[in-house]
Amino acid sequence: MILISRRPVGVLAVMALCVASPAVAQPAPAANTCLTCHATLTDARLATPATLFSGTDVHRERGFACVDCHGGDPTEGDKARAHDPARGFKGAPAGQAQIAACARCHSDATLMRRFAPRQRVDQAAEYATSVHGKQLAAGHGDVATCASCHGSHGIRLVNDAKSPVFPTNVAATCAACHADPRHMAAYRLADGTALPTSQFADYQKSVHYAALTKGNDLAAPTCNSCHGNHGATPPGVGAVTNVCGTCHAVFQTKFQMSVHAQIFDKGCVECHSNHAVLKPSDDMLGSVGQAVCATCHSGADDKGAVAADRMRRGVEGLKLVIGRSDELIARVRNAGIEVSNQELALTEARTRLTLARTEVHTANPAAVEAIIAEGTAIVAGVDRAGQDGVVELRFRRRGLAISLGAILLFVVALGLKVRQIDRRSHP
């Protein structure tokens with residue numbers, strides 16, 4: 001998803017993003033007519049930047065002021081003199097001027113060590129390689145620049161949950177442009193087709209979005225995880241597998257071993273899609289119904305269909321025996337028999353099932369069946385122990401029945417004896 005912004009940069013645009021050079025990176029002067037004047041204006045376009053900057057702004061908190069990005073004279077009460085170009089007034093930088101303004105500080109390693117030693121200083125160079133940067137260089141003035149994503153005033157740290165580039169907010173930030181058909185209408189893919197605008201809606205259906213928003217997993221992928229941020233660009237078709245492999249390394253390795261690696265131009269996307277990555281299921285495997293394999297393979301004489309069906313049968317077979325064994329062990333456990341070793345063994349069998357599903361990406365039925373066989377052997381051992389438990393349970397029940405019978409006979413005999421004694425005592 002490549003971000004192209006339509007949001008205009010206001011009169012005080014990007015002052016907070018572009019911290020100034022070391023020579024002027026000093027605590028804000030006591031007199032700052034920029035804020036006092038703009039805060040009293042009735043035009044929200046001019047007043048809001050002052051309000052935002054006076055609130056939570058990472059640059060203001062570190063001692064930078066309006067003049068560091070916009071120039072001018074912050075001690076002068078007269079508007080004309082405060083905005084005099086002779087006094088360095090630059091106004092609101094836009095386009096390439098905005099990138100340059102921010103880069104004055106964010107590309108200065110010496111300065112950044114002082115305020116944010118861990119922050120990279122190559123963002124401007126990386127931006128120039130992005131789709132946004134290239135479009136900007138080509139003369140498109142409405143593409144995303146620094147302020148489009150980070151904001152221009154009231155800028156927050158990336159790890160601030162209210163920042164527009166915090167992981168849970170990134171997709172919505174990108175969607176501000178990429179979900180707008182009118183804004184994106186001016187742009188085309190390399191083959192001349194219109195850029196899609198459904199990425200955000202598709203992403204919201206994905207397992208990645210669920211993990212990020214519902215599972216609170218901030219490491220779950222969002223737009224910039226795959227496309228990059230400052231150097232944002234769509235992954236080339238040949239790079240998709242490597243992009244997915246950043247997180248799914250084992251699946252990448254298995255896929256590279258398969259015949260599909262030389263056939264699928266789009267790699268993982270061929271089966272799993274890109275933005276609308278749904279939770280995988282065993283129903284994807286096979287050559288019938290809604291199975292993904294059926295897209296290319298069908299018929300009894302299709303080797304791919306035969307292989308897919310073999311792998312599906314193996315996976316389903318192991319799932320079935322694990323389920324049955326689990327029920328058996330649960331019944332024995334509930335009867336009071338120790339089965340912790342068998343429960344651990346079933347966990348290992350489920351691990352084999354997971355490994356078999358992973359091995360499916362090799363498209364090699366023999367490799368999948370070898371893992372299935374290991375899992376089946378583990379389950380067979382659990383079943384034997386479970387049946388032994390059933391036998392023991394029956395033995396215990398028979399012993400209990402005999403004991404109860406003996407106790408009952410004793411009680412009856414005792415009762416009769418008591419009655420006999422009682423009659424003797426009362427002729």
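Structure data summary
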item	result
Pick from the stretch 343-358, criterion more than 30 Å from V259 (Cα to Cα) and touching a helix residue (DSSP H, G or I) at 6+ places or on another chain (Cβ under 7 Å), ranking: surrounded by the fewest Cβ atoms within 10 Å (Cβ to Cβ)	E343
Counted residues, the stretch 359-398 - those being of a type in the set (V, I, T) and surrounded by fewer than 16 Cβ atoms within 10 Å (Cβ to Cβ)	2
Number of the condition not met by S340 [criteria: (1) in contact with a Ser or Thr (Cβ under 7 Å, 6 or more places away or on another chain); (2) loosely packed, with under 14 Cβ neighbours inside 10 Å]	(1)
Single condition Y127 does not satisfy, out of (1) surrounded by fewer than 17 Cβ atoms within 10 Å (Cβ to Cβ); (2) in contact with a His (Cβ under 8 Å, 6 or more places away or on another chain); (3) not in a loop (DSSP other than H, G, I, E, B)	(1)
Among (1) surrounded by fewer than 16 Cβ atoms within 10 Å (Cβ to Cβ); (2) farther than 22 Å from P280 by Cβ; (3) without any contact (Cβ under 8 Å) to a residue 60 or more places away in the chain, the one test that T197 misses	(1)
Test set (1) modelled with pLDDT of 95 or more; (2) at positive phi - L285 fails condition number	(2)
Segments classed as helices (runs of 4 or more DSSP H), wholly inside the stretch 140-213, with at least 2 members that are polar (S, T, N, Q)	167-178
Candidate set: the stretch 71-124, residues that are among the polar types (S, T, N, Q) and within 41 Å of the chain's Cα centre (by Cα); chosen: the one nearest to P49 (Cα to Cα)	Q98
Residue in the stretch 288-323 that is surrounded by the fewest Cβ atoms within 10 Å (Cβ to Cβ), counting only those that are part of a helix (DSSP H, G or I) and of a type in the set (D, E)	E316
Unique residue being of a type in the set (D, E), closer than 27 Å to A210 by Cα and without any contact (Cβ under 8 Å) to a residue 60 or more places away in the chain when the list is D302, D283, D326	D283
The listed residue being assigned by TED's automatic domain parsing to the domain that holds L353 and either at negative phi or of a type in the set (V, I, T) (or both), out of R324, R310	R324
Residue count for the stretch 324-337, restricted to those that are of a type in the set (G, A, S) and surrounded by 21 or more Cβ atoms within 10 Å (Cβ to Cβ)	1
Near pairs, Cβ below 7 angstrom, 6+ apart or cross-chain, from the stretch 258-276 (at pLDDT 90 or above) to any residue that is acidic (D, E)	H275/D202; A276/D202
Residue match in the stretch 75-92 (condition: under 26 Å from V158 (Cβ atoms), assigned to a helix (DSSP H, G or I), touching a residue at least 12 places away in the same chain (Cβ under 8 Å) and not polar (S, T, N, Q))	no
Cross-chain or 6+ apart pairs with Cβ under 7 Å, the stretch 163-179 first and at positive phi, then among the aromatic types (F, W, Y)	none
Test: residue in the stretch 334-341 that is outside any helix (DSSP H, G or I) and among the charged types (D, E, K, R)	yes
Residues located in the stretch 246-259, provided they are surrounded by 13 or more Cβ atoms within 10 Å (Cβ to Cβ) and touching a Cys at 6+ places or on another chain (Cβ under 9 Å)	H248, F251, Q252, F255
Check on I402, over 30 Å from V259 (Cβ atoms) and β-branched (V, I, T)	yes
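Here is a yes/no grid of residues against (1) surrounded by 13 or more Cβ atoms within 10 Å (Cβ to Cβ); (2) of a type outside the set (S, T, Y); (3) more than 15 Å from H150 (Cβ to Cβ):
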{"residue": "A80", "(1), (2), (3)": "no, yes, yes"}
{"residue": "P85", "(1), (2), (3)": "no, yes, yes"}
{"residue": "K90", "(1), (2), (3)": "yes, yes, yes"}
{"residue": "P93", "(1), (2), (3)": "yes, yes, no"}
{"residue": "C102", "(1), (2), (3)": "yes, yes, no"}
{"residue": "R118", "(1), (2), (3)": "no, yes, yes"}
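The values are calculated or read from the model by the stated rules, or taken from the named source; none is laboratory data. Predicted model, so just to flag it, every value in this text is computed and none were measured. Quick reminder, even Gly has a Cβ in these numbers, built from the backbone with ideal geometry, and neighbours come from all protein chains shown.
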